[in-house]
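Enquirer: Before I ask anything, here is the structure I am working with.
Bear in mind these aren't lab numbers, they're just calculated from the coordinates by the rules spelled out. Only a predicted model underlies this, so the values are computations on that prediction, with no experimental measurement involved. We place every Cβ from the backbone using ideal geometry, glycine too, and count neighbours over all the protein chains shown.
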Amino acid sequence: MSVFVGFFVTSGAGIQAMLALLVLLLPCTLLVAAGLVSQTRVKLNLVWRVAQLGAILAIVTAILSALSVWLYGSASVSVDAFLPTVRVDALSCLMLLLTSFLGWVILTYSRHYLAGDQGLRRYLCWLCLTLANVWLLVTLNNLFLVCVAWSTSSLTLHQLLIFYKNRPAALIAAHKKFIISRVADVLTWGAALLIYLQLNTLQIEQIPLALAALPQPPIGIQIAALLFVISAILKCAQLPFHGWLLQVMEAPTPVSALLHAGIVNIGGFILLRMTGLIETAPFAQLLLVVVGSVTASLAALVMMTRISVKVMLAWSTCAQMGFMLLEIGLGAYALALFHLLAHSLYKAHAFLSSGETVSRRVVMQIAPANHRLNTSQKLLAITGLMSGISLAACLTGLDPRQDPSIRLFGGVLVGSLLPLVNAPYAQRAWSQILLLVTQAFGLALVYGIWHFIFLGFLPPAATHVSMFGLIFAGSCLFGLLIVQQVVLSQPQGALSRWLHPRAFAGFHLDEVVTHLTLRIWPARLPVPVKTKLLKEIV
């Protein structure tokens with residue numbers, strides 16, 4: 001095979017070819033595990049070990065692939081004429097490392113969480129198939145195969161969401177998600193078809209080159225970009241198509257972790273992979289900014305009214321996805337990738353440790369935080385926050401004059417830390433101020449270093465940032481900050497009393513979508529579930 005030929009011709013090309021072959025073989029370990037599940041004679045301990053071994057091999061492969069990118073650069077590797085091309089670059093390596101690590105954690109957690117459950121074999125089969133599709137999705141270079149993997153991962157996840165088939169709420173929520181995802185799949189396939197008809201290629205790394213050779217992007221390409229954006233909006237649970245994300249909480253906790261930490265982020269990954277296409281349609285970029293800004297603002301307000309841990313985390317995911325799409329719409333690709341990775345790790349930990357929330361609350365009550373800042377100390381803390389962020393920006397070369405979106409995201413960072421200025425702490429006031437300034441400087445410095453590193457790996461924004469988009473996003477996020485501060489400072493005020501019932505109801509956006517989806521395609525529940533639902537209603 002060409003792997004061995006490449007190895008003797010050029011060491012770098014040979015190493016990347018072997019890694020590409022290994023990447024293609026990784027899902028086979030999960031497919032073997034899924035096949036062994038159906039064999040009742042095979043002990044489940046062996047199946048768990050095979051699946052976990054596959055995840056560990058994927059982690060090692062991702063690390064080795066990242067080293068090859070650092071040493072030899074990015075490449076699209078064709079192992080053999082009969083095998084698909086693999087994209088070996090920073091984005092695919094990071095996403096493979098993220099999804100394989102999350103897969104290993106979720107497999108390990110599920111092994112103990114669902115021990116003794118009657119449907120354990122069925123659960124493990126669909127979990128392995130879902131992870132296998134995700135690994136293929138983040139590494140393949142052919143747009144057609146990426147669309148196949150995206151659709152298939154959604155279908156296998158659906159089987160996990162309806163794991164408890166006797167729960168009507170879970171079945172109806174999964175049915176809504178199924179309809180919305182199928183609409184998104186149709187849009188995605190339509191976009192891929194338009195790209196092939198216009199550019200005569202489906203190789204992802206060839207699409208920007210083909211677009212650069214055109215004097216002006218044709219209308220078909222702009223429509224394809226818009227279809228990809230709408231598909232990502234649907235699958236990232238943006239308002240008003242967000243209800244299913246909140247209502248699938250009756251699935252097992254590791255499934256929720258997989259959904260919120262992995263699957264729902266795929267829309268952002270696809271857009272990052274297709275940035276050259278998205279930039280040909282300014283309207284599509286503006287749509288990302290508008291939808292992302294509105295979703296992030298409204299979902300954050302709704303989250304303030306929730307007391308259920310998992311529902312609060314679901315609204316948080318909705319808001320975070322909105323902010324990630326906003327970043328992509330404004331061309332902040334490095335920040336969007338950083339956001340995607342950080343949110344995935346945080347949300348996986350939050351869901352898998354949600355059972356310890358009560359224990360943590362008890363500890364907080366035992367050692368309450370009573371130290372607050374006075375007015376002068378608050379002003380000093382805010383000044384320190386802004387100074388720390390500015391210093392970090394100077395040290396890492398972030399220049400707001402060259403990229404106006406840096407001003408917006410710097411303001412968002414300051415605004416996100418402002419609630420900590422008003423919050424009580426266990427430490428004394430001056431220790432609290434020092435901690436806040438250190439946090440602001442550290443966060444800004446980490447992003448600045450990340451931006452500097454990935455400047456050579458991710459393509460810079462090729463189009464001018466829309467001033468209307470910046471103003472709209474800034475207005476939404478600044479309005480959110482003002483409303484939050486007023487509500488927190490005056491919880492019994494007129495604004496709080498007016499806002500709370502509306503925000504608690506999710507501004508009644510999901511009811512309209514639910515009515516339409518169930519009217520177009522009613523959910524068909526099993527007879528025992530219908531009987532149970534009727535008894536609950538009566």
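Enquirer: Once both labels are modelled 7 Å past Cα along the beta-carbon direction, what's the L488-N166 spacing in nm?
Expert: With each label placed 7 Å out from Cα toward Cβ, I get 4.5 nm.
Enquirer: For segment 225-274, what is the largest minus smallest coordinate of the Cα atoms on each principal axis, given in angstrom and ordered from greatest to least?
Expert: 35, 22, 10
Enquirer: Sticking with this structure for a sec: Starting with the fewest neighbours, write out T253, T438 ranked by other beta-carbon atoms found within 10 Å of each beta-carbon.
Expert: Ordered by Cβ neighbours within 10 Å, fewest first: T438, T253.
Enquirer: Through the Karplus equation 6.51 cos²θ - 1.76 cosθ + 1.60, θ set to phi - 60°, convert the phi angles of segment 507-518 into ³J(HN,Hα) values in whole Hz; use x for Gly and Pro.
Expert: These are the phi-based 3J(HN,Hα) values: 6, 6, 7, 6, 4, 5, 5, 4, 4, 5, 5, 6 Hz.
Enquirer: Quick one: length gained pulling Y196 to R41 fully straight, 0.36 nm per residue minus the C-alpha distance?
Expert: 51.1 nm
Enquirer: Net charge near H260, counting Lys/Arg +1 and Asp/Glu -1 over other residues with Cβ under 11 Å of its Cβ?
Expert: My count for the surroundings of H260 gives +2.
Enquirer: Hey, another quick one. Is there a pair in K165/K235; K43/K177; K347/K378; K165/K310 whose C-alpha atoms are over 25 Å apart, and which pairs would that be?
Expert: K43/K177; K347/K378
Enquirer: Further, regarding this structure: Within segment 256-270, find all residues whose amide N lies under 15 Å from a label point positioned 7 Å from the Cα of L341 along Cα-to-beta-carbon.
Expert: 269, by backbone N distance to the label point.
Enquirer: What distance in nm separates the simple spin-label points at L145 and I307, each placed 7 Å from Cα in the Cβ direction?
Expert: Here the answer is 5.2 nm between the modelled labels.
Enquirer: Using the Cα centre of segment 149-257 as the reference point, and only Cβ charges (+1 on K/R, -1 on D/E), how large is the resulting charge dipole? Debye, rounded to the nearest 20.
Expert: Rounded to the nearest 20 debye, it is 380 debye.
Enquirer: Shifting gears a bit: If r is the Cβ-Cβ distance from R122 to V183 and R0 is 35 Å, what FRET efficiency results, to the nearest 0.05?
Expert: Efficiency computed from Cβ-Cβ geometry: 0.80.
Enquirer: Step by step: find N for the chain, compute 2.2 N^0.38 Å, then divide the Cα radius of gyration by it. What's the final number?
Expert: Computed over Cα atoms of the chain, the ratio equals 1.00.
Enquirer: Can you give the extra length, in nm with one decimal, that the chain gains between I223 and M386 once fully stretched, where that is 0.36 nm per residue apart less the Cα-Cα distance?
Expert: Separation in residues times 0.36 nm, less the Cα-Cα distance, equals 54.6 nm.
Enquirer: How big is the equivalent ellipsoid of segment 142-367 along its three axes, where each semi-axis is √(5λ) from the Cα gyration tensor, reported in whole Å from largest to smallest?
Expert: 34, 19, 14
Enquirer: Could you give the length gained on full extension between L509 and T396, defined as 0.36 nm per residue of separation minus the Cα-Cα distance, in nm?
Expert: 36.5 nm
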